[in-house]
Amino acid sequence: MIAAFDNFPALLIWLPLIGGIISFFIKDERNVKIWSLFSSVLTLALMGITFLYIDQKYYLLNEVKYFWLVDIGSSFGFSLDGISRMLCLLNAIVFPLIFISTWNTRYSSSNSFHGLMLLAQCGMMGVFMATDALVFYFFWELALIPTYFLASQWGGEKRIQAAFKFFIYTFAGSLLLLVGILYVYLKTPDQSFSLMSFYKLNLSAGEQNWLFWLFFVAFAIKMPIFPFHTWQPDVYEQSQPAVTMVLSAVMVKMGIFAVIRWLVPVFPAAVRNFDTIIIGLSVAGMIYASCIAIVQDDIKRLIAWSSIAHIGLMCAAIFTLNDAAFSGVIVQMFNHGINILGLWIVAGLLEQQLGVRKISQLGGIAQKAPVLTIMLVIVALANTALPLTNAFVGEFLMFSGLFRFNAWVAAFAGLSIILAAIYTLNMIKNVFYGGLSPLSEQVKEITMNQRIVLAVIVVLIFMVGVYPAPMFEMIKASTETLLARIAAKN
Amino acid sequence: MMPVNYYLFLSLTLFCIGIVGVLTRRNAIIIFMCIELMLNAVNILLVAFSKMQHLAAVAANPASAAGTEAQLFVFFIMVVAAAEVTVGLAIIVMMYRNIHSVDINFLNRLKH
Amino acid sequence: MSKLIYLVPLFPLLGFLLNGLGRKYLSKTVVSVVGSGVILASFIVSLLIFLEVKEPGFTPQIISLFDFIHVAKLNIAFAFQVDQLSSLFLLIITGVGFLIHLYSSAYMKDETEPHFARYFAYLNLFVFSMLLLVLGANYVIMFIGWEGVGLCSYLLIGYWFKNDEYNKAAKKAFVMNRIGDLGFLLGIFWMISQFGSTDFSTVFAGAAETPVKILTGITLLLFIGAMGKSAQIPLYTWLPDAMAGPTPVSALIHAATMVTAGIYMVARSNIMYTLSPVTQTIVAITGLATALFAATIALKQNDIKKVLAYSTVSQLGYMFLALGVGAYTGAVFHVMTHAFFKALLFLGAGSVIHAMHHEQDIRNMGGLKKYLPITHITFLLGCLAIAGIPPLSGFFSKDEILTASFLKSPAYYILGVLGALMTAFYMFRLYAMTFLGKFRGTHDQEHHLHESPAAITIPLIVLAILSVAGGWIGIPDVLMKGGHRLEHFLAPVFAASTALKTEAHELSHTMEYLMMFGVAAIILVVIGLAWNRFSRYEKTSAQETGIGKVLENKWYVDELYDAVISKPLLWLSAFLKNFDKIFIDGIVNGAGKLVQYSSRQLRLVQSGQVGSYILIMVTATILLFIIQFFWKS
């Protein structure tokens, strides 16, 4: 079965899985931290190596299919194409950064915490690479379950309630997805779960229309877009910073990724049918979330709402089916992950040092912690898509795609650019600038580990922002194939 | 020969008495007796129909044994009912030992 | 030489990195040498490039550095364009920019070292962004610089970040700019879907075959961007507030960089504007309205920097008027002369503020003539230049704009002259209240009055010379044979627009003389009035009433925006927040609650009463029988 280690997908899944399982058995807190960091760095190194073998002639290393449930037409299939590579890279980069930045956080049972974190990483790797619907579903759930425990066992007072809501909500979506997958499976001529069979299948318009919603609701909950978003601010607010980072930096990308890989090419007619509804929903959600972010007093909720707004744009851009917008979305998934990670690090740090998240109680931190302020301002402005930072490239392409779809929609969505400036600058102004509030007196400058992480993030922001060409090069082939496939199906 | 209707009415009456008894009484023993009553109402019905069937079959073919199986059933039911009575009475005895009463309204612990 | 164009923005970028990263380790001297030196280096390179561009027969060069975005059919290169227009702007930006840097090294010397370095880092970044803006060979690179200057203005206006008022002003500047930027962005998107490219060459070449409707749309959207950046009605309110930053920053924002971006962009896209007359009219009217509106406000302001700020808004209005009537050269000419005298005025104001120990209210000044001789002379020259007294620079540029607007419509001309009169009036009100009469400040302030150091006065002197002589490159033909040299220099950039110009009729020479010197004469009278009235100004406690009060409060526009935009936005946000909590989340939680509630109700059925179980059983059985019985059909 899948016990061979001669290819990248298998290794990328096995490494965090084994690392996670071993973590459970390490008693000492320090050792478990070292181990999990080591394990995640190893994954990152492996991810780095995969870039040496992108060429088509190494396809045996990047695409695999193991026998699994042969009788029902499912096999353990994975492939590491451009789009997967982008997200796996994000997944691999984010985890070491999380472990380093939260090095000083103490957890009640550290071994389970780190073990679950690595299991979640394993699950997400699987989601990003699966080429078989059943395997995809398997990993989709595998990513959810550790996250549920992470969110419910560690965090704020209302964590159980929040995590429960999150779980029920996503799980309800997952069940719809499962029903959808099974229906499509039964329709395939060769009774197969493989992605290719799904792609080749020509469903009638009527079937597509309702299957589309089964799939889409599951993915929309995960993203989340308006109006399926209500689990997010609660969970982000209540969870440990590390968990929040995993959720917002990587896990929400699962939803968007799934739309790109499993929804749009399988039901192209339905996508055309409902594009106006989805784009309208996403764009309305963008403005809605941005507005709410303006009046948030809780720094974590503010970031959560800003994330909802940005995700809305990505979702809208996918449904324009515009080639530039598509590339923009894929690159933006990576960039958004990096930026939001930086924001969470700062938010988590403030909460850890001061014990509050209320913006109104903070103020003047720039006087106490200039380096922290500089880093935050860069990350926050990158989050508002300032040119020469990473997010600009993606948002530019997405908006241009949206503009082609409909100029008025783009103009309306563009308001979120202004709103983003308002809430970001409000936050900077009230938390970092101005007079020193009594509470902020105790702020200390960031420690070395956080400085390293934020520096890495800032470097990534500018690297991608100034010279994004390699990223586009990486996803070019697979994006073109995908779009050609959609075009051919009509 | 009595028409089969009489048996039916008797059986129905007994059965209804049984049901009403089960529904209205709280004493476990009386309920138990009512259950027996219902059981026996069914027995009467079985015997009556069996007899009716058999007479009809004999009229057509004197050598026929059709319809007699039901009477065998009745014996089985009586045996099983006897076994059931022992178990049931044992439960009631245990119940009395535990709660010093045979009132079934005290048996509501499943509620919680 | 133009191959080395990348050096021009590279130097300030290096300066930014050096000062920014080494802010804790570098001494103030090193910081100021690095900060000013990089700009000087850029200036030298720009000068060399300018000399090359000046040669006849120079063709615009596009130097592509790398592919910025290359997706599907869309290819946006990180490319620079060297031509007459960009090289002229390079000179203005780096030249005036350098003087401002030099000035800052003395003006900001009271700051502690890290903050001093931070200041210079921001300043360098500002110049870098502005250079990107004018050098970009396509609209996206221009947009990068465009947002970059917005960011830097935000950072510099909020430089003293402990003060919440300043932070608010900084935020306002950024948000207002972003509103404009959105328009610009949408314009770019439209361009992409229309031309498939954002390169100037492709877009301008395709403009002629494009339907006027689309061009009007694109140009209007771009103009919204220009409104934000160049502070035109209705997006002008950030600029007067932007004086919260250190004074040299105001000089940089108002004179050499940032606000001229909008003018540059329209001048760069001149062919598209020429092809869409509707937009041109809108541009002209907006410009004229802004020119007059801001001038009325400036009449009653008492803060030395506020008067200058509103005068900037007003002068920018003139530039847009010029763009609107198709006098692109006039607009660029005025950008240049305005850069000289406005930088001079702001730096002079800085010198006054410096001497007065951060006093900015001109009611508390007066009689500074004898304490600050150099500042006084240079400031006076600046005032004369902006008022348009021949033969100072402002006269020629303003005259060119007014003449061009007369050719378009006499109404433009009359209103333009009215604005020019107001300009002369408020500038000399400012001058007289500051430098003439007797000193009205405290004794303590009087005691400390002193002329500023050389690093401050040298830029003032250089700028004063430029303010006087800068206009001579655009002397009209009537006054000098072989005049209009600037127009000839810029001719290749505006060639396509000039070719389309329909009204060929020229003014007679007498008419031109009359307009030129007639206006100058009236201006002189107005100056005399202001001089006479305000040199004898006495402090009064009387409040302004009527229209004066409205003007002093800037027509209550800030209050209006607050009531019409900010408040409703906050109200809407608060409403949505509650809506989300109560309605959307209510539905979600409601679904959960419904399940819980119905389970709780269902549980009651399990009463534990054996009797009731049996009753249900019996009823159910009977029901089944009944159903069975009637289940015929």
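The values are calculated or read from the model by the stated rules, or taken from the named source; none is laboratory data. Everything quoted here is computed from the prediction, not taken from an experiment. Cβ: placed from backbone, ideal geometry, glycine included. Neighbour counts: every protein chain shown. SASA here: full protein model, heavy atoms, side chains in, ligands and nucleic acids out. Shrake-Rupley method; radii C 1.70, N 1.55, O 1.52, S 1.80 Å.
Here are the numbers for this structure:
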{"quantity": "Residue within region B:78-97 that is within 14 Å of chain C (Cβ to nearest Cβ), open to solvent by less than 50 Å² (accessible area, probe 1.4 Å) and under 21 Å from C:Ser607 (Cβ atoms) present", "calculated": "yes"}
{"quantity": "Residue check for C:Arg429: touching a Gly at 6+ places or on another chain (Cβ under 9 Å), within 29 Å of C:Phe379 (Cβ to Cβ) and of a type in the set (Lys, Arg)", "calculated": "no"}
{"quantity": "Single condition C:Trp190 does not satisfy, out of (1) in a helix (DSSP H, G or I); (2) buried (at least 24 other Cβ atoms within 10 Å of the Cβ); (3) not β-branched (Val, Ile, Thr)", "calculated": "(2)"}
{"quantity": "Flag for A:Ala410 being in a helix (DSSP H, G or I), more than 8 Å from every other protein chain (Cβ to nearest Cβ) and either among the small types (Gly, Ala, Ser) or buried (at least 24 other Cβ atoms within 10 Å of the Cβ) (or both)", "calculated": "no"}
{"quantity": "Any hit, region C:564-585, residues being more than 35 Å from the chain's Cα centre (by Cα), part of a helix (DSSP H, G or I) and among the β-branched types (Val, Ile, Thr)", "calculated": "yes"}
{"quantity": "Residue list for region A:413-430, filter: within 9 Å of another protein chain (Cβ to nearest Cβ) and of a type in the set (Val, Ile, Thr)", "calculated": "A:Ile417, A:Ile418, A:Ile422, A:Ile428"}
{"quantity": "Those residues of region C:449-489 which are part of a helix (DSSP H, G or I) and open to solvent by 50 Å² or more (accessible area, probe 1.4 Å), in sequence order", "calculated": "C:Ala454, C:Ile458, C:Ile461, C:Val462, C:Ile465, C:Leu466, C:Trp472, C:Ile473, C:Arg485, C:Glu487, C:His488"}
{"quantity": "Among residues of region C:145-181, those that are in contact (Cβ under 8 Å) with a residue 60 or more places away in the chain, at the interface with chain A (Cβ under 9 Å from one of its Cβ atoms) and over 18 Å from the mean Cα position of the chain (by Cα), counted", "calculated": "1"}
{"quantity": "Qualifying residue in region C:290-298 (condition: in contact (Cβ under 8 Å) with a residue 40 or more places away in the chain and closer than 26 Å to C:His101 by Cβ)", "calculated": "no"}
{"quantity": "Positions within region C:530-544 being surrounded by 15 or more Cβ atoms within 10 Å (Cβ to Cβ) and not polar (S, T, N, Q), in sequence order", "calculated": "C:Ala530, C:Trp531, C:Phe534, C:Tyr537"}
{"quantity": "Residue list for region A:363-372, filter: assigned to a helix (DSSP H, G or I) and within 9 Å of chain C (Cβ to nearest Cβ)", "calculated": "A:Ala366, A:Gln367, A:Pro370"}
{"quantity": "Those residues of region C:129-144 which are within 11 Å of chain A (Cβ to nearest Cβ), of a type outside the set (Ser, Thr, Tyr) and within 17 Å of C:Ala255 (Cβ to Cβ), in sequence order", "calculated": "C:Leu133"}
{"quantity": "C:Ile49 being open to solvent by less than 10 Å² (accessible area, probe 1.4 Å) and either more than 14 Å from every other protein chain (Cβ to nearest Cβ) or out of contact with any strand residue (DSSP E or B) (no Cβ under 6 Å at 6 or more places or on another chain) (or both)", "calculated": "yes"}
{"quantity": "Residue match in region C:22-45 (condition: open to solvent by less than 20 Å² (accessible area, probe 1.4 Å), more than 24 Å from C:Leu155 (Cβ to Cβ) and either within 28 Å of the chain's Cα centre (by Cα) or within 14 Å of another protein chain (Cβ to nearest Cβ) (or both))", "calculated": "yes"}
{"quantity": "Every pair of residues 6+ apart whose Cβ atoms lie under 8 Å, when the first sits in region C:352-378 and is open to solvent by less than 10 Å² (accessible area, probe 1.4 Å) while the second is hydroxyl-bearing (Ser, Thr, Tyr) and not in a helix (DSSP H, G or I)", "calculated": "C:Ala355/C:Tyr371; C:Ala355/C:Ser452; C:Gly366/C:Tyr537; C:Leu372/C:Ser452; C:Thr375/C:Ser452"}
{"quantity": "Filtered residue count, region B:1-49, keeping only those that are among the small types (Gly, Ala, Ser) and within 14 Å of another protein chain (Cβ to nearest Cβ)", "calculated": "3"}
{"quantity": "Lone unmet requirement of (1) open to solvent by less than 20 Å² (accessible area, probe 1.4 Å); (2) assigned to a helix (DSSP H, G or I) for A:Ala385", "calculated": "(2)"}
{"quantity": "Top-ranked residue of region A:202-233 - restricted to ones that are β-branched (Val, Ile, Thr) and either out of contact with any Phe, Trp or Tyr (no Cβ under 9 Å at 6 or more places or on another chain) or not in a helix (DSSP H, G or I) (or both), ranked as surrounded by the most Cβ atoms within 10 Å (Cβ to Cβ)", "calculated": "A:Ile225"}
{"quantity": "C:Ala117 vs. criteria touching a residue at least 12 places away in the same chain (Cβ under 8 Å) and either touching a Cys at 6+ places or on another chain (Cβ under 6 Å) or more than 14 Å from chain A (Cβ to nearest Cβ) (or both)", "calculated": "no"}
{"quantity": "Verdict on C:Ile547 being in the same structural domain as C:Thr434 (by TED's automatic domain parsing), at pLDDT 85 or above and open to solvent by 70 Å² or more (accessible area, probe 1.4 Å)", "calculated": "no"}
{"quantity": "Conditions (1) within 17 Å of the chain's Cα centre (by Cα); (2) among the charged types (D, E, K, R); (3) modelled with pLDDT under 90: number failed by B:Lys51", "calculated": "(1)"}
{"quantity": "Residues of region C:397-448 classified as polar (S, T, N, Q) and surrounded by fewer than 16 Cβ atoms within 10 Å (Cβ to Cβ), total", "calculated": "2"}
{"quantity": "Conditions (1) surrounded by fewer than 24 Cβ atoms within 10 Å (Cβ to Cβ); (2) more than 28 Å from C:Leu430 (Cβ to Cβ): number failed by C:Lys306", "calculated": "(2)"}
{"quantity": "Given (1) away from chain C (no Cβ under 13 Å); (2) more than 18 Å from A:Phe334 (Cβ to Cβ); (3) open to solvent by less than 20 Å² (accessible area, probe 1.4 Å), index of the condition A:Met448 fails", "calculated": "(3)"}
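Residue-wise test of (1) in contact with a helix residue (DSSP H, G or I) (Cβ under 7 Å, 6 or more places away or on another chain); (2) modelled with pLDDT of 90 or more; (3) outside any helix (DSSP H, G or I).
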residue: C:His254; (1), (2), (3): yes, no, no
residue: C:Gln280; (1), (2), (3): yes, no, no
residue: C:Thr286; (1), (2), (3): yes, yes, no
residue: C:Thr290; (1), (2), (3): yes, yes, no
residue: C:Ala294; (1), (2), (3): yes, no, no
residue: C:Gln301; (1), (2), (3): yes, no, yes
residue: C:Leu308; (1), (2), (3): yes, no, no
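Here's the yes/no breakdown for (1) under 30 Å from C:Gly367 (Cβ atoms); (2) within 14 Å of chain B (Cβ to nearest Cβ); (3) out of contact with any helix residue (DSSP H, G or I) (no Cβ under 9 Å at 6 or more places or on another chain); (4) of a type in the set (Val, Ile, Thr):
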{"position": "C:Lys539", "(1), (2), (3), (4)": "yes, no, no, no"}
{"position": "C:Glu544", "(1), (2), (3), (4)": "yes, no, no, no"}
{"position": "C:Val564", "(1), (2), (3), (4)": "no, no, yes, yes"}
{"position": "C:Lys567", "(1), (2), (3), (4)": "no, no, yes, no"}
{"position": "C:Lys577", "(1), (2), (3), (4)": "no, no, no, no"}
{"position": "C:Val588", "(1), (2), (3), (4)": "no, no, no, yes"}
{"position": "C:Val618", "(1), (2), (3), (4)": "no, yes, no, yes"}
{"position": "C:Thr621", "(1), (2), (3), (4)": "no, yes, yes, yes"}
{"position": "C:Ile627", "(1), (2), (3), (4)": "no, no, yes, yes"}
